[in-house]
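Here's the structure, in structure tokens; my notes come after.
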Amino acid sequence: MHDLRSRRAWFLDRDGTLTLDDRKLPGADAFLDAVRATGATATVVTNNSSKSPDRHLANLRAAGLDLAPDEVLVSIQAALAHLAARGIRRLHLVANAEVTAWTAAQGFDVGTADPQAALLAYDTEMTYAKMLALIARLRAGLPYFATHIDMLCPTREGPVPDIGTMLSAIELATGRRPERTFGKPSADMVRPVLEARGLTMADAVIVGDRLYTDIALAQGTDMLSVLVLTGETTRAMHDASPVKASLVADDLRDLAAWIGGRRSH
Ligand SMILES: [Mg+2]
């Protein structure tokens, strides 16, 4: 038995865990209520850089979930924090129009002819011309970063190609992989939240539907991980995987009941 009620910081995946497209999944409200009733915080950490942080927050609120701006973190925020700390402000950014505009509003020059680095986001408006322009920059040796690594994004119509499919195409064309990526399973998104509150991985839990991003984040650390079966992973896939969750829940209703002590896991 793991003592879920003593954990101070819960991190929650979005797509396939909390919502599917823009609809909340069963138990999402009950889960947030159960976490907050223990005095812990709940922070959504999403790799999905096809939406700005503002859009994610608006969508989650429209779905009926009660979240504050600092309770939603997106991979591109960790990417931009890292690049800014290295003095990189001029970007060859490959992203959709919404995320490009949001990045410009954070003080980055995204229209420059003289970029310091290339940053690939989950560009839902990717075109062959954009791919060619990025590949030309990479062949010329420009430093290369990507917000995250996910191969597929779950939707109601089934999984659709995510950034990882673009990373693979670029690697086939140029032989280059990003020198760094920032979304889960990197701890780059959760560590600043914990450090700001004087907490460690031993105070935290990650909840998600995917083994190689969400659950892998906790591997080799004292963080607990909970796999929910509402996204891309089945119990059989978990059983066969070397990446193991601390707990497996059918959905957030189960997890809410465990946290509330109404049922044991
Ligand atoms: Mg997910």
Subset of region 187-206, residues more than 16 Å from residue 77 (Cβ to Cβ) and of a type in the set (Lys, Arg), comes to 197
When you go through 197, 180 one by one, which is the residue that is out of contact with any Lys or Arg (no Cβ under 6 Å at 6 or more places or on another chain) and over 27 Å from residue 115 (Cβ atoms)?
197
Return the pair list, or none, for Cβ contacts closer than 9 Å from residues in region 121-132 that are free of Cβ contacts under 8 Å to residues at least 60 places away in the same chain to residues that are surrounded by fewer than 20 Cβ atoms within 10 Å (Cβ to Cβ) and hydrophobic (A, V, I, L, M, F, W, C), at least 6 apart or on different chains.
125/97; 131/169; 131/173
Taking only pairs six or more apart or across chains, which ones have beta-carbon atoms under 9 Å, a first residue in region 201-220 that is aromatic (Phe, Trp, Tyr), and a second residue that is more than 10 Å from the ligand (Cβ to nearest atom)?
212/149; 212/151; 212/185; 212/241; 212/243
Read through the list (1) farther than 29 Å from residue 139 by Cβ; (2) touching a residue at least 40 places away in the same chain (Cβ under 8 Å), then give the number of the only condition that residue 167 fails.
(1)
Which one of these is closer than 18 Å to residue 36 by Cβ, at pLDDT 95 or above and either of a type in the set (Ser, Thr, Tyr) or away from the ligand (no atom under 12 Å from the Cβ) (or both): 236, 204?
204
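Residues checked against (1) of a type in the set (A, V, I, L, M, F, W, C); (2) crowded, with 18+ Cβ neighbours inside 10 Å; (3) within 21 Å of residue 99 (Cα to Cα):
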position: 1; (1), (2), (3): yes, no, no
position: 12; (1), (2), (3): yes, yes, no
position: 18; (1), (2), (3): yes, yes, no
position: 22; (1), (2), (3): no, no, yes
position: 33; (1), (2), (3): no, no, no
position: 39; (1), (2), (3): no, no, no
position: 42; (1), (2), (3): yes, yes, no
Among 249, 257, 245, 218, the single one that is away from the ligand (no atom under 16 Å from the Cβ) and of a type in the set (A, V, I, L, M) is 257
Check on residue 173, surrounded by 14 or more Cβ atoms within 10 Å (Cβ to Cβ), in contact (Cβ under 8 Å) with a residue 12 or more places away in the chain and hydrophobic (A, V, I, L, M, F, W, C):
yes
Give me a count of the residues in region 181-205 that are closer than 19 Å to residue 147 by Cα and crowded, with 17+ Cβ neighbours inside 10 Å.
11
Residue hits (region 219-265; aliphatic (A, V, I, L, M) and assigned to a helix (DSSP H, G or I)) are 236, 237, 240, 252, 255, 256, 257, 259
Output the residue which, of all residues in region 170-201 that are within 30 Å of residue 127 (Cβ to Cβ) and among the basic types (Lys, Arg), is farthest from the ligand (Cβ to nearest atom).
176
If you go through region 1-40 one residue at a time, how many are within 16 Å of the ligand (Cβ to nearest atom) and in a loop (DSSP other than H, G, I, E, B)?
10
Looking only at region 144-157, which residues are more than 15 Å from residue 210 (Cβ to Cβ) and within 19 Å of the chain's Cα centre (by Cα)?
145, 146, 147, 156
Looking only at region 120-129, and only at residues there that are of a type outside the set (Gly, Ala, Ser) and crowded, with 16+ Cβ neighbours inside 10 Å, the one that is farthest from the chain's Cα centre (by Cα)
126
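The values are calculated or read from the model by the stated rules, or taken from the named source; none is laboratory data. Being a predicted model, the structure only gives us computed values, none of them experimental. A quick note on method: Cβ atoms are made from the backbone with ideal geometry, for glycine too, and the neighbour counts reach across all protein chains shown.
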